[in-house]
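One structure below.
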Amino acid sequence: MRYTIFGESHGPAIGVTLEGVPAGLALDWDFIRAELKRRAPGQDDTSTPRREADEVEILSGVFEGRTTGTPLCAVIRNTDTRSRDYSKLRDMPRPGHADYTGQLRYGGYNDYRGGGHFSGRLTAPLVFAGAVAKLALGERGVTVTARVSNIGGISEPTPEQARARILEAKREGDSVGGCVRCTVEGMPAGRGAPDFGCNVEGIFSQYLFAIPAVKGIAFGAGFGFAAMQGSEANDPFCLEGGAVRTATNHTGGVNGGITNGMPVEFEVVFRPTPSISKPQRTVSLSAMEERELVVEGRHDPCVVLRAVPVVEAAAALAACQVLGLD
Ligand SMILES: Cc1cc2nc3c(=O)[nH]c(=O)nc-3n(C[C@H](O)[C@H](O)[C@H](O)COP(=O)(O)O)c2cc1C
Ligand SMILES: C=C(O[C@@H]1CC(C(=O)O)=C[C@@H](OP(=O)(O)O)[C@H]1O)C(=O)O
């Protein structure tokens, strides 16, 4: 399953074209809507107040409720835009966001309003694509689940701790980042290869780094390996009901770029939201002078809570690619 995401945060619509979707897949709309709702903006004071219904409109690739196997195109209308907040950012790029690099890359023709194509808003069609991928994976016994594992430096926070940390940063006109841990269960053993392009960790990483604000990924024990000895790190082989398994899963289900039949497990880190209301240093690109910038707009003081279904979506698409490799 290959996807192309299109649109801009303040354009008429955003969407996705999915190719390689198996024909005959029944689209469960209660499930798809619930997935989009998990990510949708404007649901409480830990997220952006921008309110979007995120209703999906299918343009192609679905007939009588089932996928046709030909390109599936879905759009989501943008309805609650406030572009005036962004007028000064063309000249004075926000530190941490893609205003400066986007302008360089596209010669100044990029739509900078609301972050344009770089906006976290573009993760809405990604979640739709991921929901289709999850439905296809479900037929093969593969499930994808993720959870928050860190908010603003608090490891394994309770929902109350997470909320308190985010609101504390928000009160200061600031933001926090955090981590999401994801498990893909039911992946058959023996998929992937050690080489560039086919390596399971590499494939997952490519999909996960396409999520805005993701800055790192680690499989299994991840950076914790640095403090382990081989005897602790190795996952002993064992037999479970006649099948070869491992007693622990420090390696995150992958050895030599190939699945070993244990759950594929990884953690991603999200940077703190770039758009904060504290004054920051930037440069006026027209005057070529340093300036102070106060960012306006309606921003997430932390993207991590809303990003959990986005991580699952990216992982589901990656898992589809891994399963289609051989
Ligand atoms: C679900 C989600 C919501 C986001 N919301 C915001 C936001 O409100 N304000 C903001 O400045 N960045 C937000 N971001 C992050 C930016 O889109 C991202 O940092 C920016 O595109 C630059 O990309 P990079 O951080 O990967 O370099 C969000 C990201 C995600 C995944
Ligand atoms: C709208 C969404 O999030 C947006 C992501 C975002 C960014 O820079 O990433 C900036 C804000 O955009 P705006 O200033 O237009 O309100 C968020 O609201 C969404 O996720 O659906």
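Things worth noting here:
- Considering only residues in the range 111-142 that are surrounded by 16 or more Cβ atoms within 10 Å (Cβ to Cβ) and not in a helix (DSSP H, G or I), the one that is farthest from ligand 1 (Cβ to nearest atom) turns out to be V142.
- Test: residue in the range 103-110 that is surrounded by 15 or more Cβ atoms within 10 Å (Cβ to Cβ), free of Cβ contacts under 8 Å to residues at least 24 places away in the same chain and farther than 24 Å from G177 by Cβ: yes
- Single condition G15 does not satisfy, out of (1) more than 15 Å from V304 (Cα to Cα); (2) surrounded by fewer than 19 Cβ atoms within 10 Å (Cβ to Cβ): (2)
- Qualifying residue in the range 265-274 (condition: more than 16 Å from ligand 1 (Cβ to nearest atom) and farther than 25 Å from Q103 by Cα): yes
- Scanning the range 275-287 for residues being more than 16 Å from ligand 1 (Cβ to nearest atom), touching a strand residue (DSSP E or B) at 6+ places or on another chain (Cβ under 6 Å) and of a type in the set (S, T, Y) gives a total of 1.
- Taking every residue in the range 289-314 that is free of Cβ contacts under 8 Å to residues at least 60 places away in the same chain and pairing it with any residue that is buried (at least 21 other Cβ atoms within 10 Å of the Cβ), at least 6 positions away or on another chain, yields no pair with a Cβ-Cβ distance below 9 Å.
- Strands (runs of 3 or more DSSP E) wholly inside the range 183-259 containing at least 1 residues that are free of Cβ contacts under 8 Å to residues at least 40 places away in the same chain and more than 20 Å from V308 (Cα to Cα): 237-240, 243-246
- Scanning the range 266-281 for residues that are away from ligand 2 (no atom under 16 Å from the Cβ) and in a strand (DSSP E or B), we see that the one that is surrounded by the fewest Cβ atoms within 10 Å (Cβ to Cβ) is R281.
- Flag not set for E290, criterion: in contact with a strand residue (DSSP E or B) (Cβ under 7 Å, 6 or more places away or on another chain), assigned to a strand (DSSP E or B) and either aromatic (F, W, Y) or surrounded by 21 or more Cβ atoms within 10 Å (Cβ to Cβ) (or both).
- Qualifying residue in the range 152-167 (condition: closer than 23 Å to V294 by Cβ and either more than 13 Å from ligand 1 (Cβ to nearest atom) or free of Cβ contacts under 8 Å to residues at least 60 places away in the same chain (or both)): yes
- Restricting the range 80-95 to residues that are assigned to a loop (DSSP other than H, G, I, E, B) and more than 10 Å from ligand 2 (Cβ to nearest atom) leaves a set whose member that is farthest from R281 (Cα to Cα) is D91.
- In the range 38-63, residue farthest from ligand 1 (Cβ to nearest atom) [restricted to those that are touching a strand residue (DSSP E or B) at 6+ places or on another chain (Cβ under 9 Å) and of a type outside the set (G, A, S)]: V62
- Identity of the residue in the range 85-106, among the small types (G, A, S) and at pLDDT 95 or above, that ends up farthest from ligand 1 (Cβ to nearest atom): G102
The values are calculated or read from the model by the stated rules, or taken from the named source; none is laboratory data. Fair warning: this is a prediction, and the values are worked out from it, not measured in the lab. Cβ sites come from the backbone with ideal geometry, for glycine too, and all protein chains shown count toward neighbours.
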